[in-house]
Amino acid sequence: MSDVVAQPESDAAAARLAVAETGFLRAFNEAGVLTSADVHVARRLSSLSNEIAPDEVLLAAALAVRAVRTGSICVALDSISELDPDPDDPLPWPLPSAMVAALQGSALVTGANSGSLRPLALVDSDDGPLVYLRKYFEQEQTIRRVIDTRASTRPEIDADVASAALDAVFGPSAGDGEVGPAYDRQRAAAALAATSWTTVLVGGPGTGKTHTVARILAVLEQVIGSSPRIGLCAPTGRAAAQLQASINRFDGLESAPVAHTVHALLGIWPDGTVRHGADNRLPYDVVVVDETSMLSVTAMSLLLQAVRDDTRLILVGDPHQLVSVEAGAVLTDLTDRALRSSAPLPPAFPSLAGIEGADFTEPELDQLGAGVLALTWGYRYGSTIAKVAEAVNRGDADAVLALIDADGGEHIELVVPDDLDSVRADTVAWCSALRAAGSASDARAAVTALEGYRLLCAHRDGRYGVGWWSRTIDDWRDWGRRGQWTVGEPLLVTSTDKRLGIYNGDTGVVIDDGNGGVTVAFDKQGEMVTIHPSQLGDAIAATAMTIHRSQGSQFDVVTVVLPPAESALLTRELLYTAITRARHRVRIVGTPDWLRAAVDRRVARASGLRGEVTEWSAHQS
């Protein structure tokens with residue numbers, strides 16, 4: 001069975017001890033399961049409730065705090081022993097049943113009716129008892145309520161108009177599938193969006209998600225009529241800019257929607273106030289959210305409250321990629337929840353889609369009824385990389401290793417950490433191409449070279465991290481790094497400047513400006529933009545970068561540096577994200593055991609959104 005691990009936590013934070021703690025929690029604090037902050041918050045909650053909480057309640061509260069800190073929105077009591085750092089010398093974990101009984105009698109769960117006096121929520125779920133910090137339980141319930149309400153009705157449409165719109169955008173239907181599975185699924189996605197209030201469009205890199213979104217919008221313009229107002233957004237400025245560029249490349253839209261960040265769309269201010277919400281809904285007839293996998297449960301709950309009931313909402317993303325750095329994995333939860341759905345297909349959908357039900361598997365039909373459709377036809381990278389990515393998602397390590405061996409290095413290879421000759425050759429060649437283009441003041445050649453190669457790491461620090469590899473690359477190339485603005489240096493922007501149109505996550509290259517100075521070249525929607533280095537707020541060298549930072553990017557050739565098997569960062573989602581950054585070829589630096597560990601280990605983000613939950617205190621006698 002695959003191992004399940006929690007999101008990594010700060011080693012420095014885990015090392016800090018609650019020095020005054022002498023009770024039951026001290027062992028968990030000393031073992032690194034809990035930080036001092038987890039313990040102190042649990043004690044404070046107990047104090048505010050005027051309760052001398054038993055050890056089981058304190059542990060549950062501390063674990064609920066830990067859950068949010070490590071990316072989950074709750075703690076699954078039946079699985080807490082999996083957090084034990086040393087199974088051969090287990091900690092004194094209480095039985096889940098004992099924790100449930102203690103929580104049921106605790107004021108932290110069953111206090112006064114005011115939610116502020118009941119800081120914890122205890123619920124029954126399909127996955128057993130769950131404990132939440134109440135804020136996150138309420139956010140999850142908001143998402144559940146809005147999604148279910150939106151799924152309870154269907155838009156009223158003119159089937160003839162919708163059919164004509166689909167034919168105009170995709171061409172006449174070919175129900176026998178002769179035009180290929182990509183066409184069928186894209187048309188089906190547009191038909192689903194026309195007949196549903198909520199559509200979840202998922203797929204891996206290169207499956208044509210944003211290409212399909214542009215065509216969905218063209219169909220909806222005709223189905224809705226009267227020049228519908230369209231809102232485009234994404235979690236980050238860079239992702240929003242990429243969505244905008246993709247939509248702009250399609251000339252079949254009457255309107256020209258503008259993409260924003262989710263925060264900007266909702267009007268979220270630094271002080272936490274929100275312009276758009278349940279009492280001031282967004283004015284759009286269609287809202288598209290790209291890179292939804294990066295949205296936290298907090299952001300998703302705010303967004304769903306702000307969307308009108310009669311607005312078509314289209315959530316787009318890849319549920320297999322690394323998820324939000326904050327708590328929650330909402331896109332993954334929604335796709336998993338759809339598998340458990342028994343909702344019927346929209347009545348008009350089969351005929352509008354132009355395909356028979358046999359074109360989808362039974363699980364996919366279940367998902368379609370819940371508004372989830374997966375694009376599966378990949379355009380971007382070699383077939384071997386796609387097959388390896390699919391095997392990684394299945395958790396089939398044997399198949400991954402067999403595919404890599406059979407490929408013979410044409411598209412994907414595994415090299416041991418002590419044999420770096422090929423890594424050095426590719427990296428130095430890339431640096432030389434950047435240097436040559438930069439010295440020639442050729443901005444387009446420089447940014448083209450920038451997208452040709454990248455070295456990706458799981459860690460920031462240590463032998464397998466970005467810092468170590470950046471220094472190694474400096475030693476390999478013959479010109480080193482002479483200051484921050486060396487010609488040919490690839491840069492990663494780490495802050496957003498809307499005035500300049502530069503976003504956190506953008507990459508550029510330092511080039512000679514032809515006048516004895518330097519400038520930084522960026523590719524902005526196909527247009528070369530140069531900015532003086534002094535205008536960039538924050539930028540770092542990007543000869544190596546983290547896999548997290550690489551999300552949303554594509555490179556011709558990628559070298560992926562895996563950490564050893566014991567690293568908590570080494571997960572299936574991390575490996576999948578890394579190898580699917582490559583268009584043509586991937587080199588993995590590691591051992592077969594490290595690769596197998598990555599495939600076998602999944603990120604664990606506890607949530608109740610995948611199934612049904614019942615809060616205990618709401619049904620007490």
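The values are calculated or read from the model by the stated rules, or taken from the named source; none is laboratory data. Quick caveat, the model's predicted, so the values are computed rather than measured. A quick note on method: Cβ atoms are made from the backbone with ideal geometry, for glycine too, and the neighbour counts reach across all protein chains shown. Surface areas here come from the heavy atoms of the whole protein model, side chains and all, with no ligands, DNA or RNA. Shrake-Rupley method; radii C 1.70, N 1.55, O 1.52, S 1.80 Å.
For segment 545-590, the Cβ-based charge dipole about the Cα centre amounts to some 180 debye (Lys, Arg positive; Asp, Glu negative; other atoms uncharged). Normalising the average separation of contacting C-alpha pairs (under 8 angstrom, six or more residues apart) by the number of residues puts the relative contact order of segment 193-265 at 33 percent. Across segment 561-615, counting alpha-carbon atoms alone, Rg and Dmax equal 14.8, 50 Å. Highest average first, the peptides 444-457, 405-418 ordered by how many other beta carbon atoms sit within 10 Å of their residues are 444-457, 405-418. Summarising the strand pairing of the chain, around 40 percent of its internal DSSP beta bridges are antiparallel.
Using alpha carbon centroids, what distance separates segment 215-294 and segment 57-110, in Å? So the separation of the two Cα centres works out to 40 Å. Applying 0.36 nm per residue to the separation of Glu566 and Thr614 and subtracting their alpha-carbon distance, the gain on full extension is 13.6 nm. Tell me which trypsin sites (Lys or Arg not before Pro) from segment 489-534 have a DSSP coil assignment and no more than 10 other beta carbons within 10 Å of their own. Answer by residue number: Lys498, Arg499.
Cα gyration tensor of segment 458-551, axes a ≥ b ≥ c as square roots of the eigenvalues: rounded (a/c below 1.5), prolate (a/b > b/c) or oblate? Taking the square roots of the gyration eigenvalues as a ≥ b ≥ c, segment 458-551 is oblate. Database remark: amide H of Val518 closer than 5 angstrom to the amide H of Asp513 (H placed geometrically; neighbours at sequence offset of 5 or more, or on other chains; Pro and chain starts carry no H). Annotation: for a label point projected 7 angstrom from Cα along Cα→Cβ of Ala20, residues of segment 40-69 with backbone N closer than 17 Å are 40-53. Compactness ratio for segment 190-246: Cα radius of gyration over 2.2 N^0.38 Å (N = residue count) comes to 1.18. Three principal axis extents of segment 414-515 based on alpha-carbon atoms, in descending order, are 44, 28, 25 Å. With each label modelled as a point 7 angstrom along the Cα→C-beta vector, the Thr110-Thr448 pair spans 7.1 nm. For segment 76-82, putting each phi into the Karplus relation 6.51 cos²θ - 1.76 cosθ + 1.60 with θ = phi - 60° gives couplings of 8, 5, 5, 10, 5, 5, 5 Hz, in residue order, rounded to whole numbers and with x for Gly and Pro. Amide H contacts under 5 Å for Leu414: Ile588, restricted to partners 5 or more places along the chain or on a different chain, H placed in the peptide plane at 1.01 Å from N.
When shorter helices are ignored and each DSSP H run of at least 4 residues is given -39500 (n - 2.57), the per-residue value for the chain at 222 nm works out to -11500 deg cm²/dmol.
Per residue, the chain exposes 42 Å² of solvent-accessible protein surface, assessed with a 1.4 angstrom probe and all protein chains in place. In this entry, segment 16-152 is assigned a mean projected area of 9.0 nm², taken as a quarter of its C-alpha convex hull surface.
Simple rule: put +1 on each Lys or Arg Cβ and -1 on each Asp or Glu Cβ in the chain, find the dipole, and look at Val109, His260, Leu569; the Cα lying farthest toward the positive end is His260.
Sequence-ordered 3J(HN,Hα) estimates for segment 272-282 from the Karplus curve with 6.51, -1.76 and 1.60 and θ = phi - 60° stand at x, 5, 10, 6, 9, x, 4, 9, 8, 6, 5 Hz, glycine and proline given as x. Each Cα pair under 8 Å and six or more residues apart adds its sequence gap; the mean of these over the residue count of the chain is a relative contact order of 16 percent. Name the residue farthest towards the positive end of the dipole of segment 469-543 from the options Ser495, Thr530, Asn515, assuming +1 on Cβ of Lys and Arg, -1 on Cβ of Asp and Glu, about the Cα centre. It is Ser495, whose Cα lies furthest towards the positive end. Ellipsoid fit via the Cα gyration tensor, the chain: semi-axes of 38, 35, 24 Å, each the root of five times an eigenvalue, largest first.
So if the hydrodynamic radius of segment 235-310 is defined as the Kirkwood radius over C-alpha pairs, what does Stokes-Einstein give as its diffusion coefficient at 20 °C and 1.002 mPa s, in µm² per second? Rounded to a whole number, D works out at 161 µm²/s. Only lysines eight or more places from Lys387 in sequence, or on another chain, were considered; those with a Cα closer than 27 Å are Lys209. Within the chain, which DSSP H helices have Cα atoms that stretch 20 Å or more along the helix axis and a mean Kyte-Doolittle hydropathy of at least 1.0? Both cut-offs are met by 55-69. Here the dipole of segment 63-107 is about 360 debye; that uses its Cα centre as origin and unit charges on the Cβ of Lys and Arg (positive) and Asp and Glu (negative). Residues whose amide H falls under 5 Å from that of Arg229, counting only those 5 or more places apart or on a different chain, are Asp285, Val286, with hydrogens built in the peptide plane.
With the gyration tensor restricted to C-alpha atoms of segment 243-285, the semi-axes of the equivalent ellipsoid amount to 27, 13, 5 Å, longest first. Length available on full extension from Ala402 to Arg463: 0.36 nm per residue minus the Cα-Cα distance, which gives 19.2 nm. Note on segment 485-616: the alpha carbon radius of gyration divided by the globular reference 2.2 N^0.38 Å gives 1.38. About its Cα centre, the dipole of the chain is roughly 1600 debye, where the only charges are +1 on Lys and Arg Cβ and -1 on Asp and Glu Cβ. All C-alpha pair distances within segment 179-297, sorted into 10 Å bins from zero, spread as 12, 43, 34, 9, 1, 0 percent across the bins. Gain on full extension, evaluated as 0.36 nm per residue between Ala440 and Ala245 minus their Cα-Cα distance, stands at 67.4 nm.
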